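All remarks here apply to the structure that follows.
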Amino acid sequence: MKWNLNEYYKNEKDWHGDLELLKLNVPKLAAFQGKLSNYNDFLAYFKLDEDTSKLFYRLYGYAHLASDLNLKDVEKASMNQQVMIVVSDLNQKTAWANPEILALGEEKVMDFLNKDPLLSPYIFPLKNLFRQQKHVLSEDQEKILANFSTTSGIPTNLYQSVSIVDAKNVDITLEDGKVITVTPSNYRSLIAESKSEVDRKNIFEAVFKRYQDNKTTFANIYNLVLQQKAAFYKSRNYNSALESALFGNNIPESVFHNLKDVAYENTASIKKYINLRKKYLGLKEYHTYDRFVPLSKDNTKYEYDTARTLFFDAIKGMDKEFVTMQHEALKDGYVDVDPQDGKRTGGYSMTLYGFHPYILLNHDKTLDSVFTLAHEAGHSAHSLFSNSTQPMPISRYTIFVAEIASTFNEHVLLDHLLKSVTSKDQKIQLLETAIDGIMGTFFRQTLFATYEFQASELVRNGAPINADVLSKIMIDLYKHYYDLDITKENGKQYVWAYIPHLFHTPFYVYQYATSYSASLKIYENVKSGAKDAFINYKSLLKSGGSDFPVNQAKKAGADLTNKETFMAVINRFNYLVNELEKTLTE
Ligand SMILES: [Zn+2]
């Protein structure tokens, strides 16, 4: 089960030929500078820009996919770099385009766009460009801000140097005398496999030591992240860091607050789940890292063919067009299944307009890998729907809606497996996987988003930021969500330093929880036979990037400005925890 990349290129000579063509387009596009006020030039510019993008997709798609199959292949890595160099040159030489379009004025631009069907797909993206205009400053002010742009990536670099580059992995001696090296990437599986409470504690502390030892540095870096965001939102006339983060996708602030409040107000089942785990695992005291210890002893292996059959069985009987697209998504040649030396780890679905989506898996035959298959098939099917319905400029969907299509498939698969499972251990494993999915995607991400919100509010109100202040937020949130006192675990209160997303992409993680909530609400609508539920869901899949994500979700049946949508997750979670309780005591 390997990729067939012939759809992109049959030989590499053609790839190099196309790269030369791409290079030739750069000066051609640059030559339009100052000419866009003329309609014929405007039209010609957009046509050439579209052709250039298509050429880029072909070049980039091939180099990227081929390189991911073997990251050690220097030739492929260099192809990847070559195409990126041309694109960065192109971006620099066409940086004048958006300001020039904006200078034409919205009325004139819309008039142009309505003149030719080739241009009408640009109406939504260019309207959005004009919408963003209200936070663009005068030319002189923009110049001053641009002088600071090279400093924006510094917190990321600092974070990586302290947490990875300069950090030392710790060796510990296990109770049986064996010495092991603990790293942030292996500690979860080490804890999961360990039978000793003492070893688990030592493994956990070994990894969190770096955050504790460098707490002041991490707090100063995080303060820099917060202060940069504050300077940005004030300069660009937003009221808060949250408002500026949500503005790009036009997400109402109520969506963020609904999520934060519903999670905060509904933590009873989390505590019940933790108590069930504690009792079943026979622990005197429960620690945050005990969540990695599995309840189930089931170790059924799922071959790829079995996994695929399970997923196809799960969707059987659903909307015909939907089922066809899921099968198409997993067609031979478009899924690279097995782990292999040098292959990129993890899993993804990659799509570029004009080409079939490709799925990369590292199928390890666990139950998780069955869910990953369903998840990635969801992404690919979404792309197939979008790309076959929308023209290129509005085919690309945002991450906000992307995770709706993928997690929808996970809900379907879970219900199917719960119905067909026969052994008690398998049922426990299924319920645990589903519950941990909600714990990780919904509650944990929302806890982090709430932390981000509270920290940014401190800055907005002029309060100082230091390690103690940041830890206090986490201590309170963990107490409220899980009823766990994290000051009893060495280093855990510095969990704010452990999450890279908080440093690299502030106000990002909440989208995992919102997408998950939307997909569950849509799935509940489908299951309960609500009128047009599937037609509405397909309209989201087909709509690509032709609208703002919250509108797309709403039309599909999940209104995120309404708390009720988030309650779908809470209800599902309560149900699953009750089922687990029943199964464990059976
Ligand atoms: Zn995904």
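Numbers for the structure displayed
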| item | result |
| --- | --- |
| Qualifying position, being part of a helix (DSSP H, G or I) and basic (K, R), among K538, K531 | K538 |
| Checking L119 against (1) surrounded by fewer than 18 Cβ atoms within 10 Å (Cβ to Cβ); (2) at pLDDT 95 or above; (3) under 33 Å from the mean Cα position of the chain (by Cα); (4) over 30 Å from V337 (Cα atoms), the condition it does not meet | (1) |
| Those residues of region 309-360 which are part of a strand (DSSP E or B) and either of a type in the set (A, V, I, L, M, F, W, C) or farther than 25 Å from T389 by Cβ (or both), in sequence order | V335, D336, M350, I359, L360 |
| Matching entry among A374, A455 (being within 16 Å of the ligand (Cβ to nearest atom), more than 23 Å from M567 (Cα to Cα) and part of a helix (DSSP H, G or I)) | A374 |
| Residue within region 286-298 that is of a type outside the set (A, V, I, L, M, F, W, C) and either over 30 Å from L580 (Cβ atoms) or within 16 Å of the ligand (Cβ to nearest atom) (or both) present | no |
| Test: residue in region 19-33 that is more than 24 Å from M350 (Cβ to Cβ) and among the β-branched types (V, I, T) | yes |
| Verdict on N258 being within 24 Å of the chain's Cα centre (by Cα), of a type outside the set (D, E, K, R), surrounded by 14 or more Cβ atoms within 10 Å (Cβ to Cβ) and assigned to a loop (DSSP other than H, G, I, E, B) | no |
| Odd one out for S388, checked against (1) away from the ligand (no atom under 12 Å from the Cβ); (2) within 19 Å of the chain's Cα centre (by Cα) | (2) |
| Hey, Y334 of a type in the set (F, W, Y), at pLDDT 95 or above and closer than 17 Å to K2 by Cβ or not | yes |
| Index of the failed condition, D305 passing every other in (1) within 16 Å of the ligand (Cβ to nearest atom); (2) modelled with pLDDT of 95 or more | (1) |
| Any hit, region 405-418, residues being under 30 Å from E50 (Cα atoms) and away from the ligand (no atom under 16 Å from the Cβ) | no |
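Here is a yes/no grid of residues against (1) surrounded by fewer than 17 Cβ atoms within 10 Å (Cβ to Cβ); (2) touching a Lys or Arg at 6+ places or on another chain (Cβ under 9 Å):
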| site | (1), (2) |
| --- | --- |
| A231 | yes, no |
| K234 | yes, no |
| S244 | no, yes |
| A263 | no, no |
| Y280 | yes, no |
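The values are calculated or read from the model by the stated rules, or taken from the named source; none is laboratory data. None of these values were measured; they are calculated from a predicted model. Every residue, glycine as well, gets a Cβ built from its backbone with ideal geometry; the counts of neighbours run over all protein chains shown.
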